[in-house]
Amino acid sequence: MSKHLRTEKGLSIVECVIALLLSAGAVISLMEMQSMAWRGAGKSDYLGRAQALLQRELEICEYKILRGINIPADTKCMDKYGNDVDCRSNNAVFTVNYLQTKPVSIPANTRLLNVKVKWPGSSNGISSSVIILPQSDY
């Protein structure tokens, strides 16, 4: 009967412990990568929302300028859904800055509109500009 036990194939307790330690090491290394993945996902979310807000604000301001409504150089705050909120509110996530200039190198009635969107954790945020040439009614 002892010969039968020696010829039986299988895993010994030492092999099982080694496999367990290797698996634990792999799981622990993956857990360390999880925080980097969460930070990357958060940054990507903020960047995507900020880009949508930036484009929307550029288009709204362009429409207002073309209609003859002056856009003041101002700052406003928005929540994560793009709704206007008070800048002192806890819901304020994005800060939108407007700067409208009249460059000397382009026609007199042309305006250059710069819009910048910042969010918590970003040092510079994102910005874009558009040149607007209002035309008189026909």
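What the table shows:
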| item | result |
| --- | --- |
| Pairs, first touching a residue at least 60 places away in the same chain (Cβ under 8 Å) and under 19 Å from V117 (Cα atoms) in the stretch 30-52, second of a type in the set (V, I, T) and surrounded by 10 or more Cβ atoms within 10 Å (Cβ to Cβ), C-beta under 7 Å, six or more apart | A50/V117; A50/I126; Q51/I126 |
| Options G42, G82: the member that is surrounded by 10 or more Cβ atoms within 10 Å (Cβ to Cβ) and at positive phi | G82 |
| Residues satisfying the stated conditions in the stretch 120-135, i.e. within 15 Å of the chain's Cα centre (by Cα), touching a residue at least 24 places away in the same chain (Cβ under 8 Å) and exposed (fewer than 12 other Cβ atoms within 10 Å of the Cβ) | P120, G121 |
| Candidate set from the stretch 77-130 (those that are outside any strand (DSSP E or B), closer than 18 Å to I60 by Cα and not small (G, A, S)); member that is modelled with the lowest pLDDT | T110 |
| Positions within the stretch 100-118 being crowded, with 16+ Cβ neighbours inside 10 Å and in contact with a Lys or Arg (Cβ under 8 Å, 6 or more places away or on another chain), in sequence order | Q100, R111 |
| Residue in the stretch 63-74 that is in contact with a Phe, Trp or Tyr (Cβ under 9 Å, 6 or more places away or on another chain) and either within 14 Å of V117 (Cβ to Cβ) or not aliphatic (A, V, I, L, M) (or both) present | yes |
| Single condition V104 does not satisfy, out of (1) in contact (Cβ under 8 Å) with a residue 60 or more places away in the chain; (2) closer than 30 Å to P134 by Cα | (1) |
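The values are calculated or read from the model by the stated rules, or taken from the named source; none is laboratory data. Everything numeric here is computed off the predicted structure, so don't read it as measured data. FYI the Cβ positions are ideal-geometry reconstructions off the backbone, even for glycines, and counts take in every protein chain you see.
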